[in-house]
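Working notes for the structure below.
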Amino acid sequence: MNPNYLIHDEIYAQVKNAGLAGWGGNERMARESEFIDRVFSINDVPTAGKLLELGCGEGHFSRRFAQLGYEVTGVDISATAIQWAKEKSLSMKIPGQFYVADLTQPPLEFLESYDVIIDGNCLHCIIGDDRQTFLHLVYTLLASDGVFFVSSLCAKDDQNHYISKAGFAYRHIPSVNHLLAELSSVGFDVLSVNVYEREQYNHITVHLKNKHLAPKSLSQVSSLAFYHLIAIPVLAFSLGMFLCCNRHFYLQ
Ligand SMILES: C[S@@+](CC[C@H](N)C(=O)[O-])C[C@H]1O[C@@H](n2cnc3c(N)ncnc32)[C@H](O)[C@@H]1O
């Protein structure tokens, strides 16, 4: 199914022209603290450092994170939303870097390594195979002890659901099992999962870390230590003894 990511720019233009505060209208925007509380619902989230928001829109979550002391970068495909984010950031005197980019089209050279990466309800806008590209990008951008927070719609059943307009998909709503399998296949370790019951589709939040710092690397370190500190010296000693004994034997 072919995606239409730019549909979001049309929606932002409508939202702005209607005088609304942001995506989903003023009532949804007023529930911002619910999202922030969910991010900090586990202790593993770094409390300072660089934070990237994916699909930041007009930047309301990003501004909140900046006020909490993070060095914030927001990315969105909608030029209207990013222009709006820059205007709000300037007028409210809240720092933040905002970029227009399609997160399914890496490499994005202006991005670096981040301690916290927030999916600002963007992953469910990413369709089909592009999801792997998007998630691989996140994996490469996440600092080794960083946390990736996913906030997404998910299906109530075990199917993938698509929402489209004029034959182009703009929502991909996976089942919980499918979502967790795709996150794990990219290399993330799941730290926590919460599913919130909603009417048509549920909502899910997932905290993740990159697998490469998991206890696995500890076992790799111990096996390296075993080879260097025990196995190699024992082998060298045995070989030396063998050569020594044989030399003695031949000399007799
Ligand atoms: C559901 S809105 C959420 C906006 C905001 N984070 C919020 O929660 O209020 C999803 C956002 O993802 C952005 N988006 C969708 N597809 C994208 C893509 N391929 N690359 C970057 N941003 C994308 C949209 O423009 C939109 O701002």
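Rule-based calculations on the coordinates, nothing more; no lab input. Since the structure is predicted, the reported quantities are computational estimates derived from the model, not experimental observations. Neighbour counts run over all protein chains shown; Cβ positions are idealised from the backbone, glycine included.
Starting from the Cα of Lys156, draw a straight line to each of the aspartates and glutamates and keep only those under 18 Å, dropping any in the same chain fewer than 8 residues away.
Output for Lys156: Glu182, Glu197, Glu199.
Using the count of nearby Cβ atoms within 10 Å as a rough guide to exposure, how do Lys156, Lys93, Lys165, Lys209 rank from fewest to most?
Ranking Lys156, Lys93, Lys165, Lys209 by Cβ neighbours within 10 Å, fewest first, gives Lys93, Lys165, Lys156, Lys209.
What is the order of Glu109, Glu10, fewest Cβ neighbours within 10 Å to most?
By the 10 Å Cβ count, ascending: Glu109, Glu10.
Excluding Phe110 itself, what net charge comes from residues whose Cβ is under 15 Å from its Cβ, given Lys and Arg +1 and Asp and Glu -1?
The answer is -4.
Lys and Arg at +1, Asp and Glu at -1: add these up for the other residues within a Cβ distance under 9 Å of His60 and post the number.
Charge balance in the 9 Å sphere: +1.
Gain in length, Arg198 to Glu112, computed as 0.36 nm per residue apart minus the alpha-carbon separation, to one decimal in nm? Could the numbers behind the result be given before it?
Numbers: separation 86, 0.36 × 86 = 30.96 nm, distance 3.53 nm.
Contour length minus the Cα-Cα distance gives 27.4 nm.
What residues have an amide H closer than 5 Å to that of Asn121, excluding those fewer than 5 places away on the same chain, when H is modeled at 1.01 Å from N in the peptide plane?
Ser151
Reachable lysines from Lys211, Cα under 24 Å, same-chain residues fewer than 8 places away excluded?
Within reach: Lys50.
Report the residues of the stretch 2-19 in range of a label on His178: point 7 Å along Cα→C-beta, backbone N strictly under 19 Å from it.
Those under the cut-off are 2-5.
Residue by residue, what Karplus-based ³J(HN,Hα) values in Hz, rounded to whole numbers, does the stretch 133-144 have, using 6.51, -1.76 and 1.60 with θ = phi - 60° and x for Gly and Pro?
In residue order, the calculated couplings are 4, 4, 5, 4, 4, 4, 4, 6, 8, 7, 4, 4 Hz.
Each residue of the stretch 64-81 in turn: what ³J(HN,Hα) in whole Hz from Karplus with 6.51, -1.76, 1.60 and θ = phi - 60°, glycine and Pro shown as x?
Result, rounded to whole Hz: 5, 5, 5, 5, 7, x, 7, 8, 9, 10, x, 10, 8, 6, 8, 5, 5, 5.
Can you sort Ile11, Ile36, Ile127 by how many other beta carbons sit within 10 Å, fewest first? Mind dumping the intermediate values first?
On the way: Ile11 17, Ile36 14, Ile127 22.
Ascending Cβ contact count within 10 Å gives the list Ile36, Ile11, Ile127.
What is the local net charge at Leu6, summed over the other residues whose Cβ is closer than 13 Å to its Cβ (Lys, Arg +1; Asp, Glu -1)?
With Lys, Arg at +1 and Asp, Glu at -1, the neighbours total -3.
When the Karplus curve 6.51 cos²θ - 1.76 cosθ + 1.60 is applied with θ = phi - 60°, which whole-Hz ³J(HN,Hα) does each residue of the stretch 148-161 get, with x for Gly and Pro?
10, 10, 9, 10, 8, 6, 9, 6, 7, 9, 9, 10, 7, 10
Amide H of Glu53: which non-local residues (sequence gap of 5 or more, or other chain) have their own amide H closer than 5 Å, using H built in the peptide plane?
Placed amide hydrogens put Thr73, Gly74, Val75, Ile118 under 5 Å from Glu53.
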